Amino acid sequence: MPKRKKIYGLLAEFPNPAALYHACEKVRDAGYAAWDAYSPFPVHGLEKAMGLGRSVVPWIVAIMGFSGAGLGFLMQWWMSAVDYPLIISAKPYNSYPAFVPVTFELGILLGSFGAVFGMFALNRLPQLYHSLFNSDRFAKVTDDGFFIAIEARDPNYDPVRTRTLLEEAGAIAVEEVED
């Protein structure tokens, strides 16, 4: 008995950025959720055409930055006022002006870690393999190809209806990609 191939989804190629933009609007309006658009350069407004919301990375950076600043201040306060209190130059134990540099630096450090690792997590990186690499046509995405991939795991996915939608949206080629 031959092994049944598992399907990742459909990959559609479009001739130019404008066609990709309008196709993204049609796919979004059709209610698909598990899909993405690929192009060799950023296409202005494509995120709106895809119906994507704002990124949560700024919130991650803010939370991590404020946490770092708060932990930096708390660490210095604990060390100078509770753990090992010394009176230096007649300053009080809790001399917050002296805490500013470390507080600032820890805020920046944890904020930058939040930006990098938050972006990696949200983009599911590192991803050493992707099913779209099985398509020879997809190699054009780094040069002059504009693509939409709709995944088979999408609740609205139907091979025939999805292919028809992509062809009606202006795709010059639609192919089924194996997982």
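The values are calculated or read from the model by the stated rules, or taken from the named source; none is laboratory data. All values reported here derive from a predicted model rather than from experimental measurement. Neighbour counts are summed over all protein chains in view; Cβ atoms, including those assigned to glycine, are modelled from backbone coordinates with ideal geometry.
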Exercise. Looking at (1) touching a strand residue (DSSP E or B) at 6+ places or on another chain (Cβ under 8 Å); (2) of a type in the set (Lys, Arg); (3) at pLDDT 95 or above, can you tell me which one Arg161 breaks?
Worked result: (1)
Exercise. Do you know which of the residues in segment 120-156 that are among the polar types (S, T, N, Q) and in a loop (DSSP other than H, G, I, E, B) is nearest to the chain's Cα centre (by Cα)?
Worked result: Asn123
For this session: Quick one: which helices (runs of 4 or more DSSP H) lie wholly within segment 1-119 and hold at least 2 residues that are surrounded by 15 or more Cβ atoms within 10 Å (Cβ to Cβ), in contact with a strand residue (DSSP E or B) (Cβ under 9 Å, 6 or more places away or on another chain) and β-branched (Val, Ile, Thr)?
Result: none
Exercise. Can you tell me how many residues in segment 1-54 are more than 20 Å from the chain's Cα centre (by Cα), closer than 17 Å to Tyr157 by Cα and small (Gly, Ala, Ser)?
Worked result: 5
For this session: Only residues that are over 23 Å from Gly72 (Cβ atoms) and of a type in the set (Val, Ile, Thr): list them for segment 97-141, please.
Result: Val141
Exercise. Quick one: which of Leu46, Leu52, Leu11 is under 19 Å from Met119 (Cβ atoms) and touching a Phe, Trp or Tyr at 6+ places or on another chain (Cβ under 8 Å)?
Worked result: Leu46
Seminar exercise, completed: Filtering segment 162-177 for residues that are part of a strand (DSSP E or B) and surrounded by fewer than 18 Cβ atoms within 10 Å (Cβ to Cβ) leaves a count of 3
Exercise. What pairs come up if the first residue lies in segment 28-51 and is in contact (Cβ under 8 Å) with a residue 60 or more places away in the chain and in the same structural domain as Arg161 (by TED's automatic domain parsing), the second is surrounded by fewer than 14 Cβ atoms within 10 Å (Cβ to Cβ) and assigned to a loop (DSSP other than H, G, I, E, B), and their beta carbons are under 9 Å apart, counting only those six or more places apart or on different chains?
Worked result: Gly31/Pro155; Tyr32/Pro155; Ala33/Pro155; Ala34/Arg153; Ala34/Pro155; Pro40/Asp143; Pro40/Asp144
Exercise. Residue check: is Gly45 in contact with a helix residue (DSSP H, G or I) (Cβ under 6 Å, 6 or more places away or on another chain) and under 25 Å from Ala121 (Cα atoms)?
Worked result: no
